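Report on the structure given below.
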Amino acid sequence: MFTMQVIPQVNQITDRYTNFFLIVEDHLTLIDTGLRGSIRGLVHFIRSLGRSPEEINLIILTHNHMDHFGGLAELRKLTRAEVAAPKNDFVIDDSPVPYPAGNCIRKLLQVSALSHLRRRFVLESKDVDILLEGGEIFPILGGLQVIPTPGHTAGSISLYASRKKLLIVGDALKKKQGMLRLPLITLTSDIQQAVSSIRRMSELDVDIILFGHGRPVTENARAGLLRLSERVKV
């Protein structure tokens, strides 16, 4: 496990090439929870700061993929934190699960021999305390706004701290060879939605971008967003 302080109060924690983020204020806020098995390292890091995991009072999930909610069940045993996640990433009736080929995966997980795997692939709405629709502002980092950035999944959100000029994008965006790029097409549900979301992000006053995978952009991020928005015009 690797940890880095991006800016004061904001820490990136990386386990098996998956990032999640600890915001340290009077209370602790966790953005995403990493893969199953990541929480032991998180607890060690929190205690190294002289804090306790019981101080986590809010967990925000950027989207309903197993590498971003995998540690949630373990955290539930350690903390009474509320869990917030995007409403549009939850299966209702016969809607597809939030992965490419979601209808096929949903049908497979309905097969009795495979149904026990469902909890590994998707959270259910009952696992979440706050279903996010976009526009909500949490009293974190001077105001942390929920920005809908669908594409990678139908409900994918980013989190924007305008006072810090910081954007946490989950998997709505990636960086490769120093350049911002579209999310991985093979794991993205709707690439045209992803393009529209990049245009929305490019309108924000952003210096810093934190990703679900890889190292952050720590300066002049908006210029990169504008270049990407121009490249992916359709």
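The numbers here are math on the coordinates, done by the rules we state, and not lab data. None of these values were measured; they are calculated from a predicted model. Methodologically, a virtual Cβ is constructed for each residue, glycine included, from the backbone with ideal geometry; neighbour enumeration extends over all protein chains shown.
For the reader, a short list of remarks on this structure follows.
- Within segment 124-174, the set of residues being buried (at least 21 other Cβ atoms within 10 Å of the Cβ) and among the aromatic types (F, W, Y) comprises just one member, Y160.
- Those residues of segment 5-37 which are of a type in the set (S, T, Y) and over 18 Å from E55 (Cβ atoms), in sequence order: T14, Y17, T18
- Pick from segment 183-211, criterion closer than 13 Å to L167 by Cβ and β-branched (V, I, T), ranking: surrounded by the fewest Cβ atoms within 10 Å (Cβ to Cβ): I208
- Failed condition for P216, given (1) under 16 Å from P86 (Cα atoms); (2) touching a strand residue (DSSP E or B) at 6+ places or on another chain (Cβ under 6 Å): (1)
- Any hit, segment 212-233, residues being in contact with a Lys or Arg (Cβ under 7 Å, 6 or more places away or on another chain), touching a residue at least 60 places away in the same chain (Cβ under 8 Å) and crowded, with 23+ Cβ neighbours inside 10 Å: no
- Taken over segment 1-24, residues that are basic (K, R) and in a strand (DSSP E or B) amount to 0.
- All conditions but one from (1) surrounded by fewer than 24 Cβ atoms within 10 Å (Cβ to Cβ); (2) in contact (Cβ under 8 Å) with a residue 60 or more places away in the chain; (3) on the phi > 0 side of the Ramachandran plot; (4) not aromatic (F, W, Y) apply to Q177; the one that does not is (2).
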